[in-house]
Amino acid sequence: MIQATNDFVIKFANVNGSGSASANELFAKAILRMGVPVSPRNIFPSNIQGLPTWYEVRVSEAGHLGRRGGVDLMVAMNPQTWATDVAEIESGGYLFYDSTKPLPPSAFREDIQVIGMPLTMLCVKHYNDPRQRQLLKNVLYLGGLSTLLGIEPDVVEKLLAEQYQGKPQLAQPNIDAFRLGRQWAADNLQPIGLKVRRADNVGDRIFVDGNTAAGLGCVYGGATVCAWYPITPSTSVAEAFEKYARKFRTTAEGEKKYAIVQAEDEIASIGMVVGAGWNGSRAFTATSGPGVSLMTEFIGLAHFAEIPATIINVQRGGPSTGMPTRTQQADVLACAYASHGDTKHVLLFPEDPFEAFEQSAAALDLADRLQTPVFVMLDLDIGMNQRLCKPFAWDEQRQYDRGKVLDFEELESGRPFGRYRDVDGDGIPFRTYPGTHPKRGAFFTRGTTKNVDAGYSERGPDYLENVHRLVRKFVTARGLVPQPVVTSARQPTRVGVLFYGSTSPAMHESAQRLASEGLGIDLMRIRAYPFPESVRDFVLAHDHVFLVEQNRDAQLRTLLINEYGLNPAHIQPILHYDGTPITARFISRAIRDHLDRIADLEGRAA
């Protein structure tokens, strides 16, 4: 049987709507409070209740936060998924199940250890209310697992007390059920090879989901307007913004210094954001792929009229409705080229909640500086799952970058002003806020072709001046966006890997695995589009280049090839897109297999 301390994967297989989510989250937080890093992932269906749901917790004292792949202990609470859940257990692993109803030997595997606990029987014996029986069953198995794994009971009981703070009528029954489960396990179950031991590897890191971080980042970045329409998995971004704006953007007299509008649809929400941005407010919307599809006409208007707008896109599986509660990085091309015509947009790629906070604030600066829409490209894995990350850096003296904005005195002085005139050669014109000056100002704005003074024009030279200046602005953006992060191998290597966003923890772990096998690789984490020239240089500096993505069509690879005219054969895609987060095992195997094939072909040629 598997023997491991502070290094294993446990997966809970439940039924959606059974109340298991809070108990499973308590399990993860209890281990975290014992100083052992965890990385939980909630895998849930897109209906209200009744379908399968899973909660996977990776326990890693070494601090690995990506999915590893494989399950060491399966808590199987859903008969519908029994066969697939049991099949997922690693050889030598453990199966924990409700043994109230006997199961035939064919339901199990000979190479795993089966642990039965009569949860339903215990609930029927001790509780009369049907709903209480259902809910407390989850706390019972939490108690049993805490005994088997060595989780400190005081930690769990404190968490239960915190969860039901101010509701003693709920807190005590849950604590009693937890103790009942612990005692039954101590009296009836044998120890297993998986253990949790107190450590000190969490440090000052915080445990938060990316959507909450992004909402707070928008407050920190100075957003005063949020217009949105509910869509999974982005809704909690707006909810977090409302929560923190109420705290940080409300005066002592109770006056709200922000506006949040739940629009009738995504089209209206982006229209409000563009209108607010034109009016001088920092405004954003939160959506997912289907919402971006509806928003494209207004996004094109903001691009061509040059109006700031921030769009937080929490990506999910597509196309169409796709997999609303599964993760992908499949909106890259849709956002980069959103709208018709020759259109390009700035994309930011956070790797974790810390960067979701940081880059949401930065996006508001970039939108103002560049006078254009900016996308923050989260995905469900980062957005809706709690993850350990660095504490947010909050600077009370932060100065917002408003970009090139002329005030009344500058306009009144007679300074030449053409709304779409490139004065500095960087492609970014000057603008004003509405009402700044009665005759010269923000009302000179057009979404049609215009001359440099915003006068209506369909002359070819005027159109070319517009679109060529927008290209210059996009080149300028290369130096303003977050720059790539390079991690070099200890020894010179011919192999380089590009990756971005939520693939980061699995990629770093994969690099460690390959290094331990004697294969060193250089890593470059791309943090934004347009790509700085250092990305092209990285590709050309390596004989073998891989690009890791979570979509079918290698979308970021397509952007990179289009941007720099690189040879497609030089960039090998590693693609994972079944809706689950990518694993270190998947990446390592893909790199190793490809290099082995190349070596074999070179050997045959020799």
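Count of the stretch 75-95 residues, restricted to those that are assigned to a strand (DSSP E or B), out of contact with any Phe, Trp or Tyr (no Cβ under 7 Å at 6 or more places or on another chain) and touching a residue at least 40 places away in the same chain (Cβ under 8 Å), is 4. Counting only helices (runs of 4 or more DSSP H) wholly contained in the stretch 351-432, the ones carrying 1 or more residues that are of a type outside the set (Phe, Trp, Tyr), farther than 20 Å from residue 476 by Cβ and touching a strand residue (DSSP E or B) at 6+ places or on another chain (Cβ under 6 Å) occupy 353-370, 380-384.
Can you name every residue in the stretch 111-165 that is within 19 Å of residue 27 (Cβ to Cβ) and among the acidic types (Asp, Glu)? 152, 154, 157, 162, listed by residue number.
State which residue is surrounded by the most Cβ atoms within 10 Å (Cβ to Cβ) when the search covers only the stretch 28-41 and only residues that are over 23 Å from the mean Cα position of the chain (by Cα) and part of a loop (DSSP other than H, G, I, E, B). Once the filter is applied, the top-ranked residue is 34. Just one of the numbered conditions (1) over 30 Å from residue 343 (Cα atoms); (2) surrounded by fewer than 17 Cβ atoms within 10 Å (Cβ to Cβ) is not true of residue 569: (1). Could you tell me whether any residue of the stretch 277-284 is free of Cβ contacts under 8 Å to residues at least 12 places away in the same chain and farther than 19 Å from residue 335 by Cβ? No, the conditions are met nowhere in the stretch 277-284. Scanning the stretch 243-267 for residues that are of a type outside the set (S, T, N, Q) and free of Cβ contacts under 8 Å to residues at least 24 places away in the same chain yields a total of 7.
On the stretch given as the stretch 107-126, residues that are surrounded by fewer than 18 Cβ atoms within 10 Å (Cβ to Cβ) and either assigned to a helix (DSSP H, G or I) or out of contact with any Ser or Thr (no Cβ under 6 Å at 6 or more places or on another chain) (or both) total 10. Selection within the stretch 174-196: residues that are of a type in the set (D, E, K, R), in a helix (DSSP H, G or I) and touching a helix residue (DSSP H, G or I) at 6+ places or on another chain (Cβ under 9 Å). The member of this set that is farthest from residue 59 (Cα to Cα) is 176. Only one entry in 593, 537, 578, 600 is loosely packed, with under 15 Cβ neighbours inside 10 Å, under 25 Å from residue 380 (Cβ atoms) and not β-branched (Val, Ile, Thr), namely 578. Within the set 44, 12, the sole residue that is at pLDDT 95 or above, under 22 Å from residue 139 (Cα atoms) and within 26 Å of the chain's Cα centre (by Cα) turns out to be 12. Residue 337 meets all of the listed conditions (1) among the hydroxyl-bearing types (Ser, Thr, Tyr); (2) in contact (Cβ under 8 Å) with a residue 60 or more places away in the chain; (3) farther than 30 Å from residue 67 by Cα but one, namely (2).
Yes/no matrix, rows are residues, columns are (1) of a type in the set (Ser, Thr, Tyr); (2) surrounded by 22 or more Cβ atoms within 10 Å (Cβ to Cβ); (3) over 25 Å from residue 313 (Cα atoms):
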| site | (1), (2), (3) |
| --- | --- |
| 466 | no, no, yes |
| 477 | no, yes, no |
| 502 | yes, yes, no |
| 517 | no, no, yes |
| 533 | no, no, yes |
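Of all residues in the stretch 141-173, those satisfying the criterion of being part of a loop (DSSP other than H, G, I, E, B) and either without any contact (Cβ under 8 Å) to a residue 40 or more places away in the chain or exposed (fewer than 14 other Cβ atoms within 10 Å of the Cβ) (or both) are 164, 165, 166, 167. Restricting attention to the stretch 127-136, the residues being without any contact (Cβ under 8 Å) to a residue 40 or more places away in the chain and part of a helix (DSSP H, G or I) number 3.
Does residue 282 satisfy the condition of being at pLDDT 95 or above, touching a Pro at 6+ places or on another chain (Cβ under 7 Å) and among the basic types (Lys, Arg)? Against the criterion (at pLDDT 95 or above, touching a Pro at 6+ places or on another chain (Cβ under 7 Å) and among the basic types (Lys, Arg)), residue 282 does not qualify. Screening the candidates 401, 422 for the property of being surrounded by 13 or more Cβ atoms within 10 Å (Cβ to Cβ), more than 30 Å from residue 24 (Cβ to Cβ) and under 36 Å from the mean Cα position of the chain (by Cα) yields one hit, 401.
The condition of being surrounded by fewer than 19 Cβ atoms within 10 Å (Cβ to Cβ), more than 30 Å from residue 407 (Cβ to Cβ) and touching a strand residue (DSSP E or B) at 6+ places or on another chain (Cβ under 7 Å) holds for only one of 489, 506, 511, that being 489. Looking only at the stretch 545-586, which residues are among the acidic types (Asp, Glu) and farther than 23 Å from residue 387 by Cβ? Residues satisfying the conditions are 553, 563. Select from the stretch 174-186 the residues that are under 21 Å from residue 128 (Cα atoms) and either surrounded by fewer than 18 Cβ atoms within 10 Å (Cβ to Cβ) or not assigned by TED's automatic domain parsing to the domain that holds residue 127 (or both) and list them in ascending order. Matches in the stretch 174-186: 176, 179, 183. Put simply, of 135, 95 the only residue that is within 19 Å of residue 14 (Cβ to Cβ), aliphatic (A, V, I, L, M) and modelled with pLDDT of 90 or more is 95. Among the residues examined, residue 22 does not qualify as surrounded by fewer than 22 Cβ atoms within 10 Å (Cβ to Cβ), polar (S, T, N, Q), touching a helix residue (DSSP H, G or I) at 6+ places or on another chain (Cβ under 8 Å) and in a loop (DSSP other than H, G, I, E, B).
Here the stretch 316-361 is the region considered, the condition is being farther than 23 Å from residue 505 by Cβ and of a type in the set (Gly, Ala, Ser), and the residue that is surrounded by the most Cβ atoms within 10 Å (Cβ to Cβ) is 338.
Condition check ((1) in the same structural domain as residue 451 (by TED's automatic domain parsing); (2) surrounded by 16 or more Cβ atoms within 10 Å (Cβ to Cβ); (3) not in a helix (DSSP H, G or I)) across all residues:
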| position | (1), (2), (3) |
| --- | --- |
| 200 | no, no, yes |
| 223 | no, yes, yes |
| 260 | no, yes, yes |
| 274 | no, yes, no |
| 280 | no, yes, yes |
| 300 | no, yes, no |
| 307 | no, yes, yes |
| 310 | no, yes, yes |
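The values are calculated or read from the model by the stated rules, or taken from the named source; none is laboratory data. The structure presented is a predicted model; accordingly, all values stated were derived computationally and were not measured. Cβ coordinates were reconstructed from backbone atoms using ideal geometry, including for glycine residues, and neighbour counts include every protein chain displayed.
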